[in-house]
1. Looking at (1) open to solvent by 20 Å² or more (accessible area, probe 1.4 Å); (2) without any contact (Cβ under 8 Å) to a residue 24 or more places away in the chain; (3) more than 14 Å from Ser33 (Cα to Cα), which is the one condition that is false for Ser79?
2. Select, from Leu112, Leu101, Leu65, Leu93, the only residue that is out of contact with any helix residue (DSSP H, G or I) (no Cβ under 8 Å at 6 or more places or on another chain) and at pLDDT 95 or above.
3. Which of the residues belonging to segment 107-118 are in contact (Cβ under 8 Å) with a residue 60 or more places away in the chain, assigned to a helix (DSSP H, G or I) and not aromatic (Phe, Trp, Tyr)?
4. Give me a count of the residues in segment 13-61 that are out of contact with any strand residue (DSSP E or B) (no Cβ under 7 Å at 6 or more places or on another chain), outside any helix (DSSP H, G or I) and crowded, with 20+ Cβ neighbours inside 10 Å.
5. What do you reckon, is Cys139 modelled with pLDDT of 90 or more and within 16 Å of the chain's Cα centre (by Cα)?
6. Restricting to segment 62-75, count the residues that are open to solvent by less than 80 Å² (accessible area, probe 1.4 Å) and assigned to a helix (DSSP H, G or I).
7. Considering each of Asp213, Asp195, Asp219, Asp231 in turn, give the residue that is at pLDDT 80 or above, closer than 26 Å to Thr10 by Cα and either touching a His at 6+ places or on another chain (Cβ under 6 Å) or not polar (S, T, N, Q) (or both).
Amino acid sequence: MDNLFRLFLTLISRALMLTVLMPASCCAKALVSKLLGDDTPERDGRLSMDFRKHTDRNGIFMMLLLGFGWGKEMNSDVSKVKRMKLDITLISLAAPAAYFLMYFILYNISGLIYSPVPQSFIAACIYKILRKAGYTCLCFGVIDLLPIPPLGGFQIFYQFSWPKFRRWYFTNYRKINYWSVYVLYAIFLMHIITDGEFSILGLFVRIWSMLLDHLVFFDADWANVPEKIYDIIFKRW
């Protein structure tokens, strides 16, 4: 019963990620793109909080099953921006910045809800859902900064890379993008299998969490109190 209940809370946090948090990051990227002159995402319906505009079936399935997923690739027209390198960099940074902001907000809200009533079972459940969703936001923000196509980190790297590399990528981009998908799968799965202990993603997540945790003002000791609440509830049952 305990494990089933934990799975239920995990699925709620993943559903929150799919229906609210991922669309919010995509919407932020589309908004920055529009402000910088490229209205292509807006015309594609990406300047919206409707999750159906941002997700695809396979990404939803993987998110609910394994905790990681992906959305639809956002179309853009770089010819519409005025300052190519700077504007593309700002657009590429919009989604990870939104994820980091949501991590900060969710962690503070969860601590603010839970800290005053540490004996509340409902507050503990809300705390766990928000913390799991917040941690996923942190992971997604870190992932989007990796210099692997088609992620935002690669778009930034490409803008400031040397001409020879750009020519090589342009010539082989189909093969590179094909294999980069498997590289991302390996990064995801290694992080899940080792619980973030032995993975590239886990290393960067820990670094970013050390930086962002300084902004978490309302905290609570998740390791002690909620576990005790679970024990009390399920032992009584």
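1. That leaves (3) as the condition not met.
2. Leu101
3. Asn108, Ile109, Ser110, Gly111, Leu112
4. Qualifying residue count for the region: 2.
5. Yes; evaluated as a whole, the condition is true for this residue.
6. Residues flagged as open to solvent by less than 80 Å² (accessible area, probe 1.4 Å) and assigned to a helix (DSSP H, G or I) within segment 62-75 amount to 4.
7. Being at pLDDT 80 or above, closer than 26 Å to Thr10 by Cα and either touching a His at 6+ places or on another chain (Cβ under 6 Å) or not polar (S, T, N, Q) (or both) holds for just one of Asp213, Asp195, Asp219, Asp231, which is Asp213.
The values are calculated or read from the model by the stated rules, or taken from the named source; none is laboratory data. What you see is a predicted model; the values in this text were computed from it and never measured. Methodologically, a virtual Cβ is constructed for each residue, glycine included, from the backbone with ideal geometry; neighbour enumeration extends over all protein chains shown. Note: accessible area is taken over every heavy atom of the protein model, side chains too, but ligands, DNA and RNA are not part of it. Shrake-Rupley method; radii C 1.70, N 1.55, O 1.52, S 1.80 Å.
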